[in-house]
Amino acid sequence: MINVKEILDKLGIQEINNGVSTGAEWFEPAGAITNSVSPIDGKEIAKVKNATMEDYEMVVAKAQAAFKVWRTVPAPVRGEVVRQIGEALRKYKHELGALVTLEMGKIYQEGLGEVQEMIDICDFAVGQARLINGVSLQSERPQHRLFEQYQPLGLVGIVTSYNFPVAVWAWNSALAIAAGDVVIWKPSSKTPITAIATQKIIRDVLIANNVPEGVFNLIVAKSSVMGDNFIADKRIPLMSVTGSTAVGKRVGGIVGKRLGKTILELGGNNAVIITPDADIPMAIASTVFGTVGTAGQRCTTTRRVIIHESIYEEVKNKMVAAYGKITPKIGNPLDENFLVGPLIDKGSVDLFLNAVSSVEKEGGKVLIGGQVMEGKGFESGNFVMPCIAEAENHFHIVQEETFAPIVYLLKYSGDINNAVAINNAVPQGLSSACFTLNIREAETFLSAVGSDCGIANINVGTSGAEIGGAFGGEKDTGGGRESGSDAWKAYMRRQTSTVNYSADLPLAQGIKFDL
Amino acid sequence: MQMQIQKEITVEDLVEKYPFAVRFLAEKGIRCIACGEPIWGTLEEACEEKGMDSTSIDQIVIELNNLSNT
């Protein structure tokens with residue numbers, strides 16, 4: 001078992017920690033002192049001094065000043081800083097991964113995976129720093145050059161959620177920093193200690209490279225101090241928010257009023273389609289990881305399984321059997337013998353229980369699970385038995401995202417188009433998957449009449465995306481894209497330029513304007 | 001009876017100080033927590049989002065205070 005005290009000591013976590021940093025420097029804020037507790041046993045990990053409005057203003061001023069310097073640093077030099085951050089994360093992968101597990105509750109392997117995602121996006125951003133590019137276009141005017149380029153944008157606000165307490169910061173920061181922006185990070189109030197630890201891990205890199213104070217900012221604050229005012233702050237041109245659709249709509253409305261930019265990565269209601277042509281053992285194994293991994297607390301967790309009626313009973317029975325094997329694997333996520341850890345808190349447990357009772361009230365049937373675990377090791381009250389329920393897609397509770405391990409089995413008949421219709425008949429549009437060996441079904445699912453989600457996979461489940469692809473979804477999921485592919489463009493200001501190297505002044509569209 | 005919970009309380013503070021409110025409000029169709037995080041804004045705003053009028057909101061506040069005092 002992992003030695004918690006040793007981990008906290010190595011990461012520089014103290015009994016009471018300051019919640020404000022502008023990079024290498026830390027400040028003692030005068031806000032409320034809050035404590036972070038582990039969902040595993042309910043015990044306190046450490047305390048945090050929260051920021052006040054004065055702290056916020058100080059950080060924004062430093063960030064503004066730092067941006068003026070940072071935007072002039074060549075992008076490959078900025079990328080080199082990101083490379084060294086990736087190296088620092090490699091050095092502390094075990095400790096930070098364990099702290100993620102301790103504070104958030106995901107199993108240790110997933111904690112390590114989260115830090116690996118941070119490392120991967122740093123590696124990606126190092127290359128991207130040399131690939132920030134624009135296109136050259138053909139001007140209609142003689143001896144004119146027409147082209148596009150991308151400039152640093154400015155301050156980027158990053159609001160992260162507890163379920164990926166540090167990886168989402170890395171997705172955003174690695175690209176933003178390489179792009180020449182500066183970041184202000186507001187971590188989840190449920191996981192401030194992993195944020196503080198991350199900021200401490202990168203400290204030596206910032207000092208060694210003379211990175212100005214104000215490039216990497218961290219503010220731990222309550223939403224009453226750093227909520228709507230943060231989102232409404234015109235000094236911050238881009239807000240990247242990971243959270244619920246409810247929060248995203250609020251953010252979108254406020255930022256929209258000031259015509260700012262957003263990257264919204266919001267809720268999902270992700271489905272797996274299993275067709276008669278599926279490799280069923282593969283589909284079951286993948287789907288069970290998608291439903292119970294991170295105890296159902298991933299944005300991409302599989303929430304619905306759409307099964308063809310001809311194989312419905314077989315898939316149902318095999319899933320229930322697989323869940324039966326999960327029960328003994330529920331336990332302390334720091335112990336590598338377990339596969340499912342706790343929910344983040346009792347509020348989430350209550351919502352899980354509410355979903356279980358709601359699906360039954362609406363006419364569904366619970367097949368397995370749905371209870372709170374009791375007995376030795378489960379004293380925190382945050383461990384639940386993952387639930388499978390038969391339901392119908394139109395049920396109110398099925399249309400919602402319940403951030404817990406409850407999955408709804410839905411039946412379809414006819415061809416793949418009927419399954420796609422069910423897949424798409426929810427407000428959210430994050431991730432989707434289809435298990436089939438039939439190329440017609442697969443290509444239909446991926447076609448213009450197929451899945452309407454930002455992520456659509458064949459024979460790969462809904463969760464566990466690689467960083468190389470752009471991550472995000474459509475509809476109530478918010479439309480933002482983070483991480484790989486061309487997501488970097490969101491962190492930059494696009495500029496179209498025309499250079500006239502002729503001796504004349506021809507106007508576009510052939511307009512005559514002779515003085 | 002002392003009214004500890006006011007409609008102006010932030011949802012973040014409500015769920016932290018009065019965790020029982022999560023299920024109580026969920027059963028009335030008001031979600032305090034989404035994606036595991038408290039939604040932003042006040043209790044009043046969360047109720048208004050559900051289309052509740054001021055009388056209904058006042059009643060919710062009374063019921064929450066009653067639960068808090070039991």
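Helices in chain B, meaning DSSP H runs of at least 4 residues, each add -39500 (n - 2.57). Divided by all residues, the mean residue ellipticity at 222 nm is -14500 deg cm²/dmol.
Centre-to-centre, using Cα atoms only, the range A:404-426 and the range A:116-132 are separated by 36 Å. Computed about its Cα centre, the charge dipole of the range A:132-262 is approximately 420 debye, with only Lys, Arg, Asp and Glu carrying charge at their Cβ.
Toward the positive end of the charge dipole of the range A:231-295, with +1 on the Cβ of Lys and Arg and -1 on the Cβ of Asp and Glu, the farthest Cα among A:Met282, A:Leu264, A:Ala295 is that of A:Leu264.
Peptide A:244-250 is shielded by partner chain Cβ atoms: per residue, an average of 6 of them sit within 10 Å of its Cβ.
Sparse packing (at most 15 other Cβ atoms within 10 Å of the Cβ) combined with a DSSP loop state is found for the following trypsin sites (Lys or Arg not before Pro) in the range A:33-98: A:Lys43.
For the range A:30-143, the Kirkwood hydrodynamic radius from C-alpha pairs, put into Stokes-Einstein at 10 °C and a viscosity of 1.306 mPa s, yields a diffusion coefficient of 89 µm² per second.
Fewest-first ordering of B:Asp13, A:Asp504 by other beta carbons within 10 Å of each residue's beta carbon gives A:Asp504, B:Asp13.
For the pairs A:Lys200/A:Lys222; A:Lys222/A:Lys257; A:Lys234/A:Lys257; A:Lys186/A:Lys475; A:Lys329/A:Lys376, flag any whose C-alpha to C-alpha distance is greater than 18 Å.
With Cα atoms farther than 18 Å apart: A:Lys200/A:Lys222; A:Lys222/A:Lys257; A:Lys186/A:Lys475.
Computed from Cα positions, the angle between helix A:245-257 and the longest principal axis of chain A comes to roughly 20 degrees.
Evaluated over the range A:1-159, the count of Lys pairs having alpha-carbon atoms less than 24 Å apart is 19 (only pairs 8 or more residues apart or interchain). In the range A:110-231, the DSSP beta bridges split such that about 20 percent are antiparallel, to the nearest 5. Spatially, the range A:355-372 and chain B are offset by 25 Å when compared through their Cα centroids. For the range A:446-504, chymotrypsin sites (Phe, Trp or Tyr not before Pro) meeting the loop criterion (DSSP other than H, G, I, E, B) and having at most 13 other Cβ atoms within 10 Å: A:Tyr501. In plain terms, the chain from A:Asp9 to A:Ala32 could stretch by 5.9 nm, reckoned as 0.36 nm per residue minus the Cα-Cα distance.
Of the GluC sites (Glu not before Pro) found in the range A:383-431, those in coil by DSSP whose Cβ has at most 15 other Cβ atoms within 10 Å are A:Glu392. Charge dipole of chain B (Cα centre as origin; +1 on each Lys and Arg Cβ, -1 on each Asp and Glu Cβ, all else neutral): 260 debye, rounded to the nearest 20.
For the range A:144-220 versus the range A:451-507, the spacing of their alpha-carbon centroids is 19 Å.
Per-residue ellipticity at 222 nm, computed for chain A from helices alone with -39500 (n - 2.57) per DSSP H run of at least four residues, works out to -11000 deg cm²/dmol. Within chain A, the proportion of Cα pairs with more than 36 Å between them is 35 percent. Distance between the modelled labels on A:Arg258 and A:Glu87, one decimal in nanometres: 3.8 nm (7 Å Cα→Cβ projection).
Ranking A:Ala433, A:Leu505, A:Gly127 by Cα position along the charge dipole of chain A, where only Lys, Arg, Asp and Glu carry charges on their C-beta atoms, puts A:Leu505 farthest toward the positive end.
Identify all lysines with a Cα-Cα distance to A:Lys489 below 16 Å; exclude those on the same chain that are fewer than 8 residues away in sequence. Here the lysines satisfying the reach criterion relative to A:Lys489 are A:Lys261. Taking the longest Cα principal axis of chain A as reference, the axis of helix A:93-104 is set at about 60 degrees. Each Lys and Arg adds +1 at its Cβ and each Asp and Glu adds -1 at its Cβ; summed about the Cα centre, the protein assembly as shown shows a dipole of about 1120 debye.
Taking Cβ atoms as reference points and 15 Å as the exclusive limit, the residues near A:Ala285 contribute a net charge of +1, counting Lys and Arg as +1 and Asp and Glu as -1. Helix A:167-179 and the longest principal axis of the Cα set of chain A meet at an angle near 20°.
So, counting K/R as plus one and D/E as minus one, what does the shell of residues with Cβ under 14 Å around A:Phe435 add up to? Please list the in-between numbers first.
Details: positive: A:Arg304, A:Lys318; negative: A:Asp277, A:Asp279, A:Glu314, A:Glu441.
Once all neighbours under 14 Å are counted, the net charge is -2.
Listed from fewest to most Cβ neighbours within 10 Å, the set A:Met58, A:Met104, A:Met1 follows the order A:Met1, A:Met58, A:Met104.
Quick note: the coordinates plus some simple rules give every number you see, no bench work behind them. Here the structure is a predicted model, which means the values were calculated and not measured. Cβ sites come from the backbone with ideal geometry, for glycine too, and all protein chains shown count toward neighbours.
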